[in-house]
């Protein structure tokens, strides 16, 4: 079983060596007490012991917070501890959603929230389309008879592994006033552009950079989807003299569609939650031109002078609702894909 | 030559070239440039001196102006090539510059200075790698401790994640017990709740537990990854139960079955999770940003962000430290890229 996965596997084992010693020591030390526990509660109850640590961490850091989040969202004030917070009912939600005209954020009481919402909608729309489009194109090209396919696949995948801070700094350096991009522009006789100081350019670049950083991941999934399409279908099409475009439309696309849908929703879920790269690259600026919804929640709760935890919690529950709906759609699609 | 060309242009399947082939390779080449270019540019820039970095237009390789020590002057002087009035050229050091006129000195005759117009001199430059960009921040700023914190967080968190998740996966895959289905549904449920949605209350919990500004506050909240439990459980389900029964016959305790039998057999899946965990932890940003507010506990990512956000961006240090930050992940990728890409393609997670 261990030797089946090829040479990557063998190298993987060497990396594990670093973890092996503490592991052996800890496991051996636990052997005796665990035997005692088993004698005490009986063999049938041992699975609870195995599941317990995981559930404890889940419970403490996911489930309990989930309930506290609801509590925060219906209480006001700036106190962190729930017992110090006065109950305000649905006021926080009312405050967030109160607008004279929902289509123009400036008429809203909490205009930063709405600007965040509209920025996010704009960002998500273009980023997901660009990312899925480019990933599909790249995957289709990589699926052709290409020399050094593994190399090219890795090239597109490499940025996925980089940290968002690194990604943002790489591009900040390129896009700055005296950066290499402006050097190219001036070499062709253009004027320098302050890419991150102009609202439209800043929005363009956060879409560009996040696409750059993540498209390799979706390319990989789509490529796996493409490679699972039986080759004899293509052979049959070729024998019939079907054109390449028609083959793509009639064979590739329909069979890739389930994977496409999963990728689409997955990209959507990730895109709605974008924060890190944008935070480092533009800081939400200029002004609030690139402030996305997660950034709004972070600022409201942690970065402003007055920590408005209630408002942030209410906003995060609204965000969570959207994500929940998207995830349900994804699971539906996922299970349908499996049934085929 | 012809045969080489024929070899290079030969294609699998033996079909001829199609225009789309050329387009494909053009696209892939553009991809190499787009994906690697920025990183290579970062690497090259990180070796430039402060003076080299503000140069516009920038050069690709890290050049820096040569300097000479001249007798009678305390500091090294920048070296220029000067075009003298008679048309000959001569390397000279600049003493000072007043407006468009420079006062220059010949290093061989340190007592004579001449005045040279600004446009008659060009700097003499040579390739030089400014290693001090790397050394100084590690020594003078807190980067050494950021680096250490990141290493601690990544290794400890990965260790805890592997132990806790494999235990849970074992319990959930190899036993029938009351509440198993509800626990599974419960874990599926937590899959849907990203940290972005619950960061306010998690901060409260961490505060109550005294974990603010401690590395444990970074390590523990993400240790029980639902994706990890699932990945390992799917794998453990394929291990035959007969092995476990045989071990029980030999009087092995359940704990021994777990760590001496199940874990070694699940190593391929555990290795995938280990690599993911290392990646997640090393690159983690939003949660450490919230929970760590004191400089000395910053991880590399948070420290780097704080450093670049300070008023005077010291790009020569920022770029070098960015390279240090991306280096471990790049090395992991270089050695394990096939393993990682197949792991992601088969699990669909990142």
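Rule-based calculations on the coordinates, nothing more; no lab input. What you see is a predicted model, and the numbers here were worked out from it, not measured in a lab. Positions of Cβ are backbone-derived with ideal geometry, glycine not excepted, and every protein chain shown enters the neighbour counts.
Miscellaneous remarks
- Pairwise centroid distance, computed over Cα atoms, of the stretch B:236-254 with the stretch B:256-301, Å: 28
- The stretch B:67-123, relative contact order [Cα under 8 Å, separation at least 6], %: 30
- Once you reduce the stretch A:189-236 and the stretch B:49-81 to the center of their Cα atoms, the two points are 40 Å from each other.
- Packing-based ranking of A:161-172, A:247-258, A:279-290, A:181-192 yields A:161-172, A:279-290, A:247-258, A:181-192, ordered from highest to lowest mean Cβ neighbour count within 10 Å.
- Listed residues A:261, A:137, A:55, most fluctuating in chain A (Gaussian network, C-alpha, under 10 Å): A:55
- Nearest-ten-degree value, helix B:143-174 long axis tilted from longest Cα axis of chain B: 20
- Per-residue mean of foreign Cβ neighbours for A:38-50 is 5 (Cβ atoms of other chains, 10 Å radius).
- Using a Gaussian network model of chain B in which every pair of alpha carbons under 10 angstrom is joined by a spring, one finds that among B:135, B:272, B:197 the greatest mean-square fluctuation is at B:197.
- Computed from Cα atoms, the angle from the helix B:195-208 axis to the main principal axis of chain B rounds to 80 degrees.
- Shape class for chain A: oblate, because the ratio a/c of the largest to smallest gyration tensor axis (alpha-carbon atoms, square roots of eigenvalues) is 1.5 or more and b/c is at least a/b.
- Kirkwood Rh, Cα atoms: Rg over Rh of the protein assembly as shown: 1.02
- The stretch A:139-173 versus the stretch B:179-197: alpha-carbon centroid distance in Å: 32
- Here the stretch B:67-123 was treated as a single set of alpha-carbon atoms; its pair distances binned every 5 Å from 0 give 4, 22, 35, 25, 11, 2, 0 percent.
- Note that the stretch A:134-255 shows a convex hull volume over its alpha carbon atoms of 155 Å³ per residue.
- Relative contact order (%) - chain A, alpha-carbon pairs under 8 angstrom, separation at least six: 23
- Per residue of B:249-255, other chain Cβ atoms within 10 Å of the residue Cβ number 5 on average.
- Helical mean residue ellipticity (222 nm; -39500 (n - 2.57) per DSSP H run of 4+; nearest 500) of the protein assembly as shown: -20500 deg cm²/dmol
- Counting Cβ atoms of other protein chains within 10 Å of each Cβ in B:203-211 and taking the mean gives 4.
- Taking chain B and dividing mean pair separation by its residue count, relative contact order in percent (alpha carbons under 8 Å, at least six apart): 19
- For the stretch B:32-109, diffusion coefficient by Stokes-Einstein and Kirkwood Rh (Cα), 20 °C, 1.002 mPa s, µm²/s: 142
- Among B:36-43, A:95-102, sorting by the average number of other beta carbon atoms lying within 10 angstrom of each residue, highest first, gives B:36-43, A:95-102.
- Of A:51, A:117, A:62, the one that fluctuates the most in a GNM where chain A has Cα springs shorter than 10 Å: A:51
- Computed over the stretch A:219-340, Cα set: Rg, Dmax in Å: 21.2, 70
- Rounded to the nearest 10 degrees, the inclination of helix B:300-309 to the longest alpha-carbon principal axis of chain B is 40 degrees.
- Peptide packing: for B:122-128, B:298-304, the average count of neighbouring Cβ atoms within 10 Å per residue gives the ranking B:298-304, B:122-128, highest mean first.
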